[in-house]
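All remarks here apply to the structure that follows.
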Amino acid sequence: MAPASSSENLMEKIVSLAKRRGFVFPGSEIYGGFANSWDYGPLGVELKNNIKQLWWNRFVHRRSDMVGIDAALIMNPKVWEASKHLETFSDPLVECKKCHERFRADTIDLGAPCPSCKSKEGFTEPKQFNLMLKTFLGPAEEKANIAYFRPETAQAMFVDFKNVLDTARKTLPFGIAQIGKAFRNEITPGNFIFRTREFEQMEIEYFIPVPAKDEDWQESFEMWRKEMWAWITDDLGIEKNHVHELDVPKDELAHYSKQTIDFEYDYPFGKKELYGLAYRTDFDLKNHFKEGPYLDQQTGERSWPHVIEPTWGVDRSVLAVLSDAYTEDGDRVYLKFKPKLAPYKAAVFPLLANKPELVDAAQAVYKSLQEHFNVAWDPRGNIGKRYYAQDEIGTPFCITVDFDTIGNNTVTVRNRDTAKQERIPIEKLKEFLHNEIYR
Ligand code: GAP
């Protein structure tokens with residue numbers, strides 16, 4: 001067997017660290033796992049929540065032209081009829097004539113041997129396979145009770161548009177944001193949490209006045225393009241040159257889009273979609289509302305506002321952040337998360353676990369910081385191992401209480417990235433961490 005390439009190695013290392021340290025576990029593992037389902041563990045849920053909170057903060061709380069909603073996952077099936085998802089939300093499916101494994105026709109070379117069994121017998125003709133995940137509501141499994149899990153959070157923002165307008169009293173342009181689960185019966189899920197059948201999205205539908213000319217929607221599109229870059233570099237701390245824009249060719253656009261830019265990230269398994277930005281026109285509001293749902297208070301005219309849609313995958317954000325943060329420095333492995341994203345902002349240790357005076361003093365520091373930050377407590381093993389363990393989960397600061405602490409009320413604070421230590425008075429710790437984390 002050929003040696004694994006370094007990028008394959010990197011993916012294996014990330015998946016293994018994620019499991020070993022409690023970021024992401026295989027779903028239902030004690031039953032042998034379950035078709036590309038993954039569970040976020042104690043540290044994964046912190047990382048994911050930090051990402052979602054930063055997003056909500058940047059795009060909802062810090063903007064006066066934005067409000068949020070949290071809608072039902074299963075909506076009236078008429079929503080999916082109107083949005084054309086039942087008709088058009090599909091991928092081309094082919095089957096290997098020998099092993100019968102199924103593939104998305106647009107992700108493999110149909111002239112090459114089967115990626116699974118290597119047979120050269122070829123594939124069946126591509127058939128459109130609808131990705132909507134079906135279920136039945138109520139006790140009877142009959143046609144009238146069929147319902148679908150939402151394949152995108154977006155539709156709720158259109159369906160609730162008038163209710164939001166009536167209650168939030170916004171004028172154009174303004175946006176509606178939502179974070180939540182979406183479901184797609186993907187033909188070929190894979191690459192860890194990159195493509196799954198159940199995933200989370202953070203989406204904004206940004207409503208603008210009916211554009212008189214192309215430049216009118218392009219201005220808004222451009223504003224969101226810049227915002228998406230700011231999020232990637234300033235909030236997630238991802239290297240700018242690891243993300244690339246792809247102007248999606250016209251013949252590959254989603255059924256609702258007039259223009260789409262994909263933001264692609266250099267994952268260990270290759271350059272693939274991270275986020276998307278689309279100009280959805282008035283496609284959705286026209287499908288859902290017979291009469292223009294927006295009333296201009298000044299002119300008294302009704303209209304169907306147009307929509308710019310920036311969309312972010314939560315799980316792909318987690319994967320990109322993990323990949324970008326993974327760093328090896330000799331034997332030392334550390335996750336160089338931006339401190340804002342780190343599951344624990346600091347860890348507190350007594351230098352020795354068998355010295356009650358050190359343990360008590362360290363506990364007091366730990367308890368006081370816990371009121372302000374998510375902090376870890378670890379009294380076990382030698383100090384070098386404790387540093388190593390915190391590095392591996394990306395804790396930016398390790399605070400050690402030693403014999404000097406008892407005399408002068410100072411502690412050592414070790415920086416994850418430089419491994420350097422400095423002494424800081426206990427009374428300054430909160431301010432120090434606050435400045436370092438949120439600056
Ligand atoms: N409302 C528009 C929309 O849903 P999309 O490009 O199909 O557009 C948006 O999805 C984002 O959701 C993607 O950029 C990606 O981050 C994430 N995403 C889509 N399918 C996914 C899947 N099967 N697994 C994980 N994330 C997915």
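The values are calculated or read from the model by the stated rules, or taken from the named source; none is laboratory data. Values in this document were obtained by computation on a predicted structure and should not be read as measured data. Quick reminder, even Gly has a Cβ in these numbers, built from the backbone with ideal geometry, and neighbours come from all protein chains shown. Accessible surface is based on the protein model in full, side chains and every heavy atom, while ligands, DNA and RNA are left aside. Shrake-Rupley method; radii C 1.70, N 1.55, O 1.52, S 1.80 Å.
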| Can you tell me how many residues in region 95-106 are surrounded by 13 or more Cβ atoms within 10 Å (Cβ to Cβ) and under 21 Å from Arg195 (Cα atoms)? | 6
| query | Which one of these does Asp70 not meet: (1) in a loop (DSSP other than H, G, I, E, B); (2) without any contact (Cβ under 8 Å) to a residue 60 or more places away in the chain; (3) touching a strand residue (DSSP E or B) at 6+ places or on another chain (Cβ under 9 Å)? | reply | (2)
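In region 249-278, how many residues are within 12 Å of the ligand (Cβ to nearest atom), in a strand (DSSP E or B) and not basic (Lys, Arg)? Spell out the reasoning first.
Looking only at region 249-278, we keep the residues that are within 12 Å of the ligand (Cβ to nearest atom), and these are 252-257, 260-265, 267, 272-278.
Subset that is in a strand (DSSP E or B): 260-265, 267, 272-278.
Checking which are not basic (Lys, Arg) leaves us with 260-265, 267, 273-278.
So the answer is 13.
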| message | Filter region 279-310 down to the residues that are β-branched (Val, Ile, Thr) and part of a loop (DSSP other than H, G, I, E, B) and list them by number. | response | Thr299
| query | When residues of region 188-201 are filtered for being over 21 Å from Leu285 (Cβ atoms), within 9 Å of the ligand (Cβ to nearest atom), open to solvent by less than 50 Å² (accessible area, probe 1.4 Å) and under 16 Å from the mean Cα position of the chain (by Cα), how many remain? | reply | 5
| task | Take the residues in region 26-54 that are open to solvent by less than 60 Å² (accessible area, probe 1.4 Å) and part of a strand (DSSP E or B), then tell me which one is nearest to Gly180 (Cα to Cα). | result | Tyr40
| Taking into account only those residues within region 316-351 that are of a type in the set (Gly, Ala, Ser) and open to solvent by 10 Å² or more (accessible area, probe 1.4 Å), which is farthest from the chain's Cα centre (by Cα)? | Gly330
| Selection from region 55-68 of residues that are closer than 16 Å to Leu341 by Cβ and open to solvent by 10 Å² or more (accessible area, probe 1.4 Å) | Trp56, Asn57, Arg58
| Among the residues of region 153-173, is any within 15 Å of Pro77 (Cα to Cα), touching a residue at least 40 places away in the same chain (Cβ under 8 Å), open to solvent by less than 30 Å² (accessible area, probe 1.4 Å) and of a type outside the set (A, V, I, L, M, F, W, C)? | yes
| request: Please indicate, with yes or no, whether at least one residue in region 416-435 is polar (S, T, N, Q) and over 30 Å from Asp234 (Cα atoms). | output: no
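Kindly check whether there is at least one residue in region 388-408 that is closer than 28 Å to Asn49 by Cβ, surrounded by 13 or more Cβ atoms within 10 Å (Cβ to Cβ) and of a type in the set (Asp, Glu). Lay out the reasoning, then the answer.
At the first step, the residues of region 388-408 found to be closer than 28 Å to Asn49 by Cβ are 388-400.
If we keep only those that are surrounded by 13 or more Cβ atoms within 10 Å (Cβ to Cβ) as well, we get 388-400.
Keeping just the survivors that are of a type in the set (Asp, Glu) gives 391-392.
Within region 388-408, one or more residues are closer than 28 Å to Asn49 by Cβ, surrounded by 13 or more Cβ atoms within 10 Å (Cβ to Cβ) and of a type in the set (Asp, Glu).
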| request: Evaluate the following for Phe207: is it within 16 Å of the ligand (Cβ to nearest atom), farther than 15 Å from Tyr279 by Cα and either open to solvent by less than 20 Å² (accessible area, probe 1.4 Å) or under 16 Å from the mean Cα position of the chain (by Cα) (or both)? | output: no
| request: Give the residues of region 157-169 that are modelled with pLDDT of 95 or more and part of a loop (DSSP other than H, G, I, E, B), sorted by residue number. | output: Asp160
| said: Looking at region 223-240, can you tell me whether even one residue there is more than 13 Å from the ligand (Cβ to nearest atom), open to solvent by 60 Å² or more (accessible area, probe 1.4 Å), in contact with a helix residue (DSSP H, G or I) (Cβ under 8 Å, 6 or more places away or on another chain) and under 23 Å from Ala18 (Cβ atoms)? | reply: yes
| Complete set of residues in region 251-309 that are farther than 20 Å from Asp91 by Cβ and β-branched (Val, Ile, Thr) | Ile261, Thr281, Thr299, Val307, Ile308
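Quick one: would you say Ala182 is among the hydrophobic types (A, V, I, L, M, F, W, C) and either more than 14 Å from the ligand (Cβ to nearest atom) or under 22 Å from Ser317 (Cα atoms) (or both)? Don't jump to the end; show me each part of the working.
Numbers: among the hydrophobic types (A, V, I, L, M, F, W, C): yes; either more than 14 Å from the ligand (Cβ to nearest atom) or under 22 Å from Ser317 (Cα atoms) (or both): yes.
When the stated conditions are applied, Ala182 passes them.
Among the residues of region 289-306, how many are within 32 Å of the chain's Cα centre (by Cα) and open to solvent by 50 Å² or more (accessible area, probe 1.4 Å)? Lay out the reasoning, then the answer.
Keep residues of region 289-306 that are within 32 Å of the chain's Cα centre (by Cα), which gives 289, 293-294, 304-306.
Now drop any that are not open to solvent by 50 Å² or more (accessible area, probe 1.4 Å), which leaves 304.
Summing the residues that are within 32 Å of the chain's Cα centre (by Cα) and open to solvent by 50 Å² or more (accessible area, probe 1.4 Å) in region 289-306 gives 1.
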| All but one of (1) at pLDDT 95 or above; (2) surrounded by 13 or more Cβ atoms within 10 Å (Cβ to Cβ) hold for Ile383; which doesn't? | (1)
| remark: Given (1) in contact with a strand residue (DSSP E or B) (Cβ under 7 Å, 6 or more places away or on another chain); (2) more than 19 Å from Phe59 (Cβ to Cβ); (3) in contact (Cβ under 8 Å) with a residue 12 or more places away in the chain, Ile108 misses just (1)
